[in-house]
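Below is one structure, written out as structure tokens, with a few remarks after it.
The values are calculated or read from the model by the stated rules, or taken from the named source; none is laboratory data. All figures in this text were calculated on a predicted structure; none of them were measured in a lab. We place every Cβ from the backbone using ideal geometry, glycine too, and count neighbours over all the protein chains shown. We work out accessible area using only protein heavy atoms, side chains counted, and drop any ligands, DNA or RNA first. Shrake-Rupley method; radii C 1.70, N 1.55, O 1.52, S 1.80 Å.
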Amino acid sequence: MGTFITAEIGINHNGDLELAKKLIDLAAEAGCDAVKFQKRTIDKVYTQEYLAGERVSPWGTTQREQKEGLEFGLEEYREIDRYCREKGIEWFASAWDVDSQIFLRQFDLKYNKVASAMLVNDALLQEIAKEKKYTFIATGMSTWEEIDHAVAVFRKYDCPFELMHCNSTYPMKEEDANLLLMHRLKERYGCKVGYSGHEAGVLVSICAAAMGAASIERHITLDRSLYGSDQKASIEPDELKELVKGVRQVEQILGNGEKILSEAEAAVKAKLRG
């Protein structure tokens with residue numbers, strides 16, 4: 001199995017189903033394995049005080065209007081589900097509350113995702129782990145103790161998982177990537193480790209693949225100048241294609257680790273060693 005590449009659409013669709021479809025098209029054409037969304041029950045994730053706060057957006061002047069403007073409901077997700085099947089690409093979503101996780105069960109999804117912000121939400125961790133679906137667990141902002149606890153929950157329920165090294169700054173500076181931590185995660189937990197990135201460009205992600213990342217996840221956008229808090233930490237169409245191409249090249253370059261004398265090398269051996 002090669003590196004599993006997920007194009008994180010997240011909330012970059014800006015509540016527009018047609019924009020979401022264009023981003024699905026982009027991910028499928030680039031050769032990604034999956035696209036990912038984010039699902040929230042607004043009144044469960046945020047306080048009423050926060051939602052009443054001021055925020056000027058395309059949907060109004062309050063935080064509530066902005067948050068609700070970015071949410072897809074059942075009708076939209078049914079169409080996303082149908083469209084992804086048509087395009088031959090998997091989709092899944094990171095739920096930010098228990099109700100959202102239960103909502104996602106309406107669809108035959110292969111994967112779950114624990115967002116970095118949700119790694120300490122014990123009720124949500126248990127709800128996800130009970131499903132026993134392969135789960136990507138992002139580790140941004142987390143201490144060893146917090147990761148220890150999340151891993152213990154997934155092992156308690158015998159749920160397959162993969163940790164994702166992540167630095168939760170948007171966009172992340174390349175010098176903050178600390179990719180060597182991937183090896184520490186693998187040693188400490190004895191599991192697969194991937195990389196979830198928020199940096200500009202594709203170099204860090206390709207380096208992560210060269211270090212053996214089991215998966216790569218990157219936010220995608222059609223245009224970084226679009227409205228939205230995640231757009232600037234996303235990669236545009238040409239960059240996504242460059243990323244997938246680079247990761248696949250890395251897989252070939254790494255090979256299988258076996259010591260095999262190829263026909264081409266054998267011919268040189270015969271010439272140089274007589």
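Would you mind checking the tilt of helix 144-156 against the longest principal axis of the Cα atoms of the chain, expressed as 0 to 90 degrees and rounded to 10? Value to nearest ten degrees: 90.
Considering only alpha-carbon pairs that sit under 8 angstrom and 6 or more positions apart, the relative contact order computed for the chain is 18 percent. With 0.36 nm allotted per residue and the present C-alpha distance subtracted, the LEU261-GLU90 stretch has 57.7 nm of extension available.
How would you classify the range 18-125 from its alpha-carbon gyration tensor, with a ≥ b ≥ c the square roots of the eigenvalues: rounded for a/c under 1.5, else prolate if a/b is greater than b/c, otherwise oblate? Verdict is oblate for the range 18-125.
Spherically averaged projected area of the convex hull of Cα atoms, the chain: 17.1 nm². Taking all protein chains as present, what is the carbon and sulfur share of the accessible area of the chain, in % to the nearest whole number, probe 1.4 Å? After summing per-atom areas, the C and S share lands at 51 percent. Across the range 74-90, coupling constants 3J(HN,Hα) worked out from phi with the 6.51/-1.76/1.60 Karplus curve, θ = phi - 60°, read 4, 4, 5, 5, 4, 6, 4, 4, 5, 5, 5, 4, 4, 8, x, 10, 6 Hz, and Gly and Pro carry x.
Protection proxy ranking, highest mean first, for peptides 184-197, 140-153, 59-72: 184-197, 59-72, 140-153, where packing is the per-residue count of other beta-carbon atoms within 10 Å, averaged.
Taking amide H as placed 1.01 Å from N in the peptide plane, THR41 has its amide H under 5 Å from the amide H of TRP96, ASP97, SER100, each at least 5 places away in sequence or on another chain. Judged by the ratio a/c of the largest to the smallest principal axis of the C-alpha gyration tensor, the range 223-263 counts as prolate, that ratio being 1.5 or greater while a/b is larger than b/c.
Label positions at ASP81 and LYS156, each projected 7 Å from the Cα along the C-beta direction, are separated by 2.9 nm. Karplus-based coupling profile of the range 123-133, in residue order and whole Hz: 4, 5, 4, 5, 4, 6, 4, 4, 6, 6, 8, with θ = phi - 60° in 6.51 cos²θ - 1.76 cosθ + 1.60 and x standing for Gly or Pro.
Note on LYS259: lysines with a C-alpha under 21 Å away, same-chain residues under 8 apart excluded, are LYS269, LYS271.
Classify the range 138-274: rounded, prolate or oblate, from the alpha-carbon gyration tensor (a ≥ b ≥ c, eigenvalue square roots; a/c under 1.5 rounded; otherwise prolate if a/b is larger than b/c)? Here the range 138-274 falls in the oblate category.
FRET efficiency for the ALA123 to ILE253 pair, using the beta carbon distance and R₀ = 41 Å, is estimated at 0.40. Note on ARG273 and ALA52: the model spin-label points, each 7 Å out from Cα along the C-beta direction, lie 8.1 nm apart. Expressed as an acute angle from 0 to 90° and rounded to the nearest 10, what is the orientation of the C-alpha long axis of helix 263-273 relative to the principal long axis of the chain? Tilt of helix 263-273: around 40 degrees. A 1.4 Å probe run over the chain, with the rest of the protein chains in place, finds 49 Å² accessible per residue. The order of the peptides 9-17, 84-92 by mean Cβ neighbours within 10 Å, most packed first, is 9-17, 84-92.
Relative to one another, the C-alpha centroids of the range 157-189 and the range 1-76 are positioned 23 Å apart.
Couplings 3J(HN,Hα) of the range 2-8, computed from phi: x, 5, 7, 9, 10, 8, 7 Hz, in residue order, whole Hz [Karplus 6.51 cos²θ - 1.76 cosθ + 1.60, θ = phi - 60°; x for Gly and Pro].
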